[in-house]
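Notes follow once the structure below has been shown.
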Amino acid sequence: MTMDYICREVERLKRKFHETDPFLLCDAMGIILLYEPMGTYPGACKGFFLAQSRKRSITVNSDLPEAIQRIIVTHELGHAVLHAKAVGVKAFHDFELFDSTSLMEYEANIFAAEFLMDDDDVLEKLNEDISFFGAASLLRVPPELLDFKFRLMKRNGYKLIDPPLMANSNFLKNVETEVTDEY
């Protein structure tokens, strides 16, 4: 699956459902959102997507701050949109599929980066002469997700500096769960 295809899917969904909020988009698409406490300890599950018997659901760790839940829901929505047909009855979650070689995790991260950040907003923050990490904070995303957005923007011809990090597909597995206001 190409980055261009993923970006077109994001745009198609936003246009079709007139929605840019991932929680409301799930509702509009008939995807059930469930909230379950799963802890904030290292290695705690942050969320997963499940497709079974034509029912689709995303379960989110309710112990996480809302800002992180938003990112997790969008990532899992990426799985719902991009991978549901490919896997049949299977759950996507960080215990099974978060590894640096997982193409599906990479694609879900690309989906989340494109869905959550508009090119113009990213450029505006960067033009305010703030650091890469400062821009990520103002955009309310982890720096690793901004790295994924940079990859998309560079591919589309934007001239951007190289970010000070290179995110792996599994970055959400280790994202800070105690952060409340940063994202």
Taking Phe95 as the residue in question, decide whether it is modelled with pLDDT under 90 and either closer than 22 Å to Asn61 by Cβ or assigned to a loop (DSSP other than H, G, I, E, B) (or both).
yes
Residue match in the stretch 142-149 (condition: closer than 18 Å to Glu114 by Cβ, open to solvent by 60 Å² or more (accessible area, probe 1.4 Å) and of a type outside the set (A, V, I, L, M)):
no
Looking for something more than 16 Å from the chain's Cα centre (by Cα), part of a strand (DSSP E or B) and loosely packed, with under 15 Cβ neighbours inside 10 Å - is there at least one such residue anywhere in the stretch 20-33?
yes
For the stretch 106-126, which positions are surrounded by 24 or more Cβ atoms within 10 Å (Cβ to Cβ) and either among the charged types (D, E, K, R) or in a loop (DSSP other than H, G, I, E, B) (or both)?
Glu114
Could you please let me know if Ile6 is under 22 Å from Arg140 (Cβ atoms) and touching a residue at least 40 places away in the same chain (Cβ under 8 Å)?
yes
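The values are calculated or read from the model by the stated rules, or taken from the named source; none is laboratory data. As the structure is a prediction and not an experimental result, all values here were calculated from the model. Using ideal geometry, Cβ is built from the backbone for each residue, glycine included, and neighbour counts are taken over all protein chains shown. For accessibility, only protein heavy atoms count, side chains too; no ligands or nucleic acids. Shrake-Rupley method; radii C 1.70, N 1.55, O 1.52, S 1.80 Å.
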